[in-house]
Amino acid sequence: MQANAQSINFLKTQSKFIIPYFQRSYVWNEKNWEEIFDGLEILEKNFLGSLVFKHLTPVTGEMQKILVIDGQQRLTTLAIILKAFYDTFNENIKTNIVSNIRSLLFYKERETSSEYFVKVEHSKIDSKAFKAIMRYNFEEPSIVLNYLGTSRIFDAYNYFKNRLSSTSEEKREILYSKLVNENIKFLVVIDLSESEDEQQIFDTINSSGVQLDPADIIKNSLFQRIFSIFKNEQKVNNLYADYWEQTFLADPETIQFWEKEKVTGRIKRNNIQLLFHSIAIIKSLYSAD
């Protein structure tokens with residue numbers, strides 16, 4: 001394990017950052033966004049948190065893949081901020097920074113190719129919305145309008161876009177220059193080798209931001225365990241799609257049902273927590289027999 005202070009330019013590495021499908025969706029809210037945005041003015045004296053990555057053994061001829069073990073909310077938010085900066089600048093500034101934005105947010109599978117791919121590969125829940133935001137003003141200029149209001153990803157984008165639009169162009173240039181300054185290292189990036197136990201790190205580092213739901217912790221642990229048994233990513237993907245996704249994430253109504261909170265005694269739990277709690281009690285009773 002290696003930990004290093006980094007600027008946002010660590011994203012320029014020719015790698016694909018993959019948020020595992022079993023991680024939770026993007027859940028940061030306006031309080032988190034405001035904290036990040038206000039911190040931009042004092043970025044050289046600020047610390048925006050840590051990111052934990054696991055480097056997978058590269059396959060010859062393929063792009064390096066890096067799993068996002070912890071910090072996906074922060075990584076997603078920073079990518080959205082970069083895109084919001086680009087989208088609020090005038091055309092002259094856009095022309096000047098487009099190469100830098102592409103190197104931070106996109107990659108090409110081959111140097112000779114003209115096709116760009118979004119560098120952060122989001123989980124299934126947010127993938128469509130995140131790609132839409134990243135590609136807006138590049139290949140698909142109207143796509144954001146088609147999805148407004150359907151994802152917190154868009155809420156974040158609109159928050160930063162509105163905040164930036166309400167500041168002067170000069171101030172925006174200053175803030176952007178700080179954000180992409182190689183010498184301003186406001187993140188700690190922790191790199192794990194493929195042999196290190198990411199679940200142990202994940203369980204202990206989850207600190208700032210929105211606390212993980214107990215169901216998310218169970219899901220992460222469960223599918224990490226399944227993967228350690230089968231060692232087959234496609235098989236685990238299929239199990240996730242057939243069982244977890246179809247049961248808990250099939251459509252917006254299903255998600256809303258499982259997230260609905262109920263009060264039991266003095267404790268407030270959502271339906272999915274109640275389900276797992278009930279399973280644990282039943283398993284304990286039968287184990288005792």
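The values are calculated or read from the model by the stated rules, or taken from the named source; none is laboratory data. Because the structure is a prediction, the values reported are computed rather than measured. A quick note on method: Cβ atoms are made from the backbone with ideal geometry, for glycine too, and the neighbour counts reach across all protein chains shown. The area values use the complete protein model at the heavy-atom level, side chains included, leaving out ligands, DNA and RNA. Shrake-Rupley method; radii C 1.70, N 1.55, O 1.52, S 1.80 Å.
Ranked by the mean number of other Cβ atoms within 10 Å of their residues, highest first, the peptides 234-243, 63-72 come out as 63-72, 234-243. Each peptide in 45-54, 220-229 gets a packing score, the mean of other Cβ atoms within 10 Å over its residues, and the list from highest to lowest is 45-54, 220-229. Taken per residue, the accessible surface of region 27-66 reaches 57 Å², heavy atoms only and a 1.4 Å probe. Each 5 Å bin, from zero up to the one with the longest distance, holds this percent of the alpha carbon pairs of region 1-60: 4, 10, 18, 22, 22, 16, 6, 3, 1.
Please list, or write none, the lysines whose alpha carbon is within less than 16 Å of the alpha carbon of LYS171, excluding same-chain residues fewer than 8 places away. Within reach: LYS94, LYS161.
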